[in-house]
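Contents: one structure, followed by commentary.
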Amino acid sequence: MAIPASLQKGLKLPVIAAPMFLVSGPDLVVEACNAGVIGTFPSLNQRTTEGYREWLQEIKSRLTPDAAAFGVNHIVHPTNPRLMADMMVSVEEKVPLIITSLGAVRDVVDAVHGYGGVVFHDIANVRHARKAAESGVDGLILVANGAGGHAGIINPFALINEVRAFFKGTIILSGCLSTGQDVAGALMMGADFAYMGTRFINTTEAMAPAAYKDMIIESGATDIVHTPAVSGIPANFMIKSLQANGIDPKTLPEHKLDMGDEAKAWKTVWSAGQGAGAVHDVLPAGELVGRLISEYRQAAEGFRARSLVA
């Protein structure tokens, strides 16, 4: 249970700003890393592999010498025709952290390890965690109940305890983490990193439209619905966004709706986690990280003051 040495440089708080489809781009990554947390983005947020390489080179050129590491999310699934081409670019550009989704493949892990990179894989249940561990990943992202995007339905306490029983690598906890106090709580539970998505949507650098950010501010936990209707895989979406697209949240089917191109669906139906209720503003990513650090320190001091253990 530790943070890999290659990811410790420049890290001021054990937080990963999650790679969010159509939301995370170079500006958000750079500002997060320069402020002291790990910034990430999905390679598919760039329309082409050539554009993906340009983003990587831009990010590296804008990072300060004391910045935290950055990472890229690859969809490891037959439905992603760009996987091999994008992975070749990641290897050539030596991306410090690769986050894999929808498939943990030994060849991908070996390719990243070949240049000294680190691989984290996101999982939503213990069965997938075991398969990913067998592939040799360095860390597991535990996507617990209430997380934004494609999310699981397992309580974080149950998930982290079961996974830690057999996995000795890095544990990253995802689901409803919005404050520095939440980060402290995740570490107290046994996680090494907190994985934050929804909170970073509401930054000035995020590519989400203003109306999306406003809807997050207006939403709470009960305004989020978990459904496969948008992408075919269960994910959390804001009820108001579904309604704005003419979708009745009370009659959602158990299968994917015919919404045309999936990217278009995600662009118009907005995802958020149940932690939206703790998001009340939009601010620069650097300022957000500073706030998270302050809240984290206050939480740690408060715990020490209340602790009954000598």
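The values are calculated or read from the model by the stated rules, or taken from the named source; none is laboratory data. Just so it is clear, the structure is predicted and the values come from calculations on it, not from any experiment. Reconstructed Cβ throughout: ideal geometry from the backbone, glycine too, with neighbour counts over all protein chains shown.
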## Note on the structure
Log entry, pairs with first residue in region 56-70 being closer than 17 Å to V118 by Cβ, second being of a type in the set (S, T, Y) and crowded, with 22+ Cβ neighbours inside 10 Å, beta carbons closer than 7 Å, six or more apart or on different chains, reads F70/T40
### Query
Which condition does V143 not pass, out of (1) in contact with an Asp or Glu (Cβ under 7 Å, 6 or more places away or on another chain); (2) closer than 24 Å to A104 by Cβ; (3) surrounded by fewer than 24 Cβ atoms within 10 Å (Cβ to Cβ), if it passes all the others?
(3)
### Task
Check off (1) in contact with a Lys or Arg (Cβ under 7 Å, 6 or more places away or on another chain); (2) modelled with pLDDT under 90; (3) closer than 30 Å to L283 by Cα for D223 and give me the number that stays unchecked.
(2)
### Task
Only residues that are among the polar types (S, T, N, Q) and either modelled with pLDDT under 95 or not in a helix (DSSP H, G or I) (or both): list them for region 35-51, please.
T40, Q46, T48
### Task
Please state which of the following conditions G277 fails to meet, knowing it meets all the rest: (1) touching a helix residue (DSSP H, G or I) at 6+ places or on another chain (Cβ under 7 Å); (2) farther than 18 Å from A151 by Cα.
(2)
### Task
Any chance you could count how many residues in region 78-127 are under 30 Å from A158 (Cα atoms) and among the aliphatic types (A, V, I, L, M)?
13
### Task
Give the residue, chosen from I233, I239, that is modelled with pLDDT under 90 and either closer than 16 Å to A144 by Cα or within 23 Å of the chain's Cα centre (by Cα) (or both).
I233
## Note on the structure
For region 246-264 the number of residues that are of a type outside the set (D, E), part of a helix (DSSP H, G or I) and modelled with pLDDT under 80 is 2
### Task
Among the residues of region 60-94, count how many are out of contact with any helix residue (DSSP H, G or I) (no Cβ under 8 Å at 6 or more places or on another chain) and surrounded by 15 or more Cβ atoms within 10 Å (Cβ to Cβ).
2
### Task
Test I99 against the stated conditions and say whether it is crowded, with 19+ Cβ neighbours inside 10 Å and within 25 Å of A194 (Cα to Cα).
yes
### Task
Out of A244, A208, A265, report the one residue that is closer than 24 Å to G71 by Cβ and hydrophobic (A, V, I, L, M, F, W, C).
A208
### Any chance P78 is modelled with pLDDT under 95 and either in contact with a Cys (Cβ under 8 Å, 6 or more places away or on another chain) or not hydrophobic (A, V, I, L, M, F, W, C) (or both)
yes
### Message
Among the numbered criteria (1) surrounded by fewer than 20 Cβ atoms within 10 Å (Cβ to Cβ); (2) among the charged types (D, E, K, R); (3) not in a loop (DSSP other than H, G, I, E, B), which one does E31 miss?
### Response
(1)
### Task
Please name all residue pairs, on different chains or six or more residues apart, with Cβ atoms under 9 Å, provided the first residue is in region 143-165 and is touching a residue at least 24 places away in the same chain (Cβ under 8 Å) and under 16 Å from M20 (Cα atoms) and the second residue is crowded, with 20+ Cβ neighbours inside 10 Å and among the acidic types (D, E).
V143/D122; H150/D122
### Query
Of all the residues that make up region 129-152, how many are under 17 Å from S101 (Cβ atoms), within 17 Å of the chain's Cα centre (by Cα) and not small (G, A, S)?
7
### Task
From A68, A85, grab the single residue that is closer than 27 Å to G169 by Cα and modelled with pLDDT of 95 or more.
A68
